[in-house]
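Below: one structure, written as structure tokens.
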Amino acid sequence: MNKCMYNGDFDDVMFVTPSVYSDNRGWFKENWRKDDIFSNIDFVQENVSKSKKGILRGLHIQKPNQGKLVTVLNGSVLDVIVDFRVGSPTFKKAEYFVLTEENGYQLYVPEGFAHGFLTLEDDTIFHYKCTKYYNPNEEYTIDYKDPLVFDMWSSVTHNFGNFSVSEKDKNGMSIDKFVKNVLKL
């Protein structure tokens, strides 16, 4: 049985500890159960990425909105989310989480949030289940250098210098531009 540990400001965000069964042979983790805390969430796609240390992916948001259950299978990440749910009391607020293979934490990022992560170790394997199919024509990238989130990345990166970002992610729009041009607010 998974346990939800998150008591923060964001409604519907779940920071989860999955059940792990260990013995002298190793361990077995029950990563996800439809009849558990995720019973009202329909996942339709799973993705896995492998990255070197210092790779920043995101921040991405898709319209129609896509929820994600994210897990680190190897290594560690600094995971950042931004709430873009119109009418939410935490609209345009950000938070970060450290997910590692050792702590085994999972993060459910609800529909309406931008999401990104920075790998903290080589050979980091990141797994996510999604509530909508990936559609590159409906994906938007938020600028990782936006002042709202940049301090979160830089609080960790001072330990290993610069990080690597794709061309797509280098050209992300500011949070204010996303709100004005995409959300039309």
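Each value in this text was obtained by applying a stated rule to the coordinates, not by laboratory testing. Quick caveat: nothing in here was measured; it's all calculated off a predicted structure. Quick reminder, even Gly has a Cβ in these numbers, built from the backbone with ideal geometry, and neighbours come from all protein chains shown.
Miscellaneous remarks
- The mean sequence distance of close C-alpha pairs (under 8 Å, at least 6 residues apart), as a share of the length of segment 42-181, puts its relative contact order at 37 percent.
- Exposed chymotrypsin sites (Phe, Trp or Tyr not before Pro) absent: longest stretch of the chain, with sites in DSSP loops and at most 12 other Cβ within 10 Å deemed exposed: 1-132
- Residues HIS60, HIS115, arranged from fewest to most other Cβ atoms within 10 angstrom of their Cβ, appear as HIS60, HIS115.
- Rounded to the nearest 10 degrees, the angle from helix 147-157 to the longest Cα principal axis of the chain is 40 degrees.
- Karplus-derived 3J(HN,Hα), 6.51/-1.76/1.60, for each residue of segment 18-28, Hz, glycine and proline x: x, 6, 10, 10, 10, 8, 5, 8, x, 8, 10
- As a rough footprinting exposure proxy, the listed residues ILE41, ILE61, ILE175 were ranked by other beta carbons within 10 Å of their own, and the order from fewest upward is ILE41, ILE175, ILE61.
- Scanning the chain for trypsin sites (Lys or Arg not before Pro) that sit in a DSSP loop and have at most 11 other Cβ atoms within 10 Å, the longest stretch containing none of them is 35-183.
- Neighbourhood charge, 15 Å Cβ-Cβ cut-off, centred on VAL80 and excluding it, Lys, Arg +1 and Asp, Glu -1: -3
- Per-residue ellipticity at 222 nm computed for the chain from its helices equals -3000 deg cm²/dmol, with DSSP H segments shorter than 4 residues left out and the rest contributing -39,500 (n - 2.57).
- Within-13-Å neighbourhood charge of TYR21 [Cβ basis; K, R +1; D, E -1]: 0
- Extension gain, ASN162 to LYS53, is 38.2 nm, computed as 0.36 nm per intervening residue step minus the present C-alpha separation.
- Distance (nanometres) between label positions extended 7 Å along Cα→Cβ at ASP9 and ASP35: 3.9 nm
- Loop-resident GluC sites (Glu not before Pro) (DSSP state other than H, G, I, E or B) in segment 37-128 with no more than 10 further Cβ atoms inside 10 Å of their Cβ: GLU102.
- Around ASP11: net Lys/Arg minus Asp/Glu count, Cβ-Cβ under 13 Å: -3
- As a rough footprinting exposure proxy, the listed residues ASP169, ASP23, ASP122, ASP83 were ranked by other beta carbons within 10 Å of their own, and the order from fewest upward is ASP23, ASP122, ASP169, ASP83.
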